[in-house]
Amino acid sequence: MSNSSGGQRDEWAESYGLKMFVRDTAAIVGIELIKLRRDPSEILMRSVQPALWLLVFGQIFGRLHAVPTGNLDYFTFLAPGILAQSVLFISIFFGISAIWERDLGILQKLLASPAPRTSLVLGKALSAGLRSMAQALIIYLLTMFMHVPLNWSPTALIIVAVSIVLGAALFSTFSLLVACIVKTRERFMGIGQVITMPLFFASNAIYPIAIMPGWLKTIAHLNPLTYQVDVLRAMMVLGGTSTFGIGQDLLIQTVILSGLVLVTSRLYPSIIR
């Protein structure tokens, strides 16, 4: 009888712990979304660069017919890559918010709360994913304006949304990790600017992996942005295909995100020291 009641108590404790974790994570997501609602200008400002890539770069290179893109015209091939680029650019500087929160004393209060560090980091990561959905809506509107043949099936839209959230969460968590290490705004901005463009150009966002030199192919296969682009290219546009497989793409993003969340949650308190 005692063993049975003990097992029930353990099961209840695990269920209660999971509920608390979900509640704490959702609370962090809510706080971050309130910030976005109060100042949505960041989303609009971040839309300028993707618009230029689509309207200028895509139009010019599409006329050159220099990049082999299979059964897709270059502009259609480019559109998912620019969406992934937009997600990357809006997420990679997310860590600076942690430095601002530290300087304002907000981070110290969060770390003093009973919420586990993992829920703090995961909550911020998921909020970055939801912020990126607004960016994705803008890119979709731009591509519609440019007559890109989009895939509107519910399954495709769900997979695109999942990939966007995963990618944004991944790069924002990496950004938080960098912020925990460098701890100053100036160093963080310098590192963010240094790593953003290499991540973008060492991926399949604007050209296929097949035409890359061997050393760049190796880097592209290690680059998580490559797998996000692969999902988006297969699901966002009509006629798109996946090189690695949708399941593998999503699995790789999930595994990398999980590892980053665990590492960053261990380092997160060090940002205030």
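The table that follows gives values for the structure above.
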item	result
VAL237 long-range amide H proximity, modeled H, under 5 Å	ASN151
Inter-centroid distance (Cα atoms) of the stretch 151-168 relative to the stretch 195-257, Å	15 Å
Charged-residue dipole, Cβ positions (Lys, Arg, Asp, Glu), the stretch 151-269 about Cα centre, Debye nearest 20	300 debye
Relative packing of 175-182, 163-170, which averages over residues the other C-beta atoms within 10 Å, highest first	163-170, 175-182
Assigned charges on the beta-carbon of Lys, Arg, Asp, Glu; the stretch 2-272 dipole about Cα centre (debye)	460 debye
Neighbour cut-off at most 16 other Cβ (10 Å), DSSP loop, chymotrypsin sites (Phe, Trp or Tyr not before Pro), the stretch 150-185	TRP152
The stretch 2-272, relative contact order [Cα under 8 Å, separation at least 6], %	27 percent
25 Å Cα cut-off, lysine pairs counted over the stretch 2-272 (separation 8 or more, or different chains)	9
Of LEU54, GLY190, HIS221, farthest towards positive along the dipole that unit charges on Lys, Arg, Asp, Glu beta carbons give the stretch 2-272	GLY190
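Every number here is computed from the coordinates shown, using simple stated rules; none is lab data. As the structure is a prediction and not an experimental result, all values here were calculated from the model. Glycine gets a Cβ as well: all are built from the backbone with ideal geometry, and neighbour counts include every protein chain shown.
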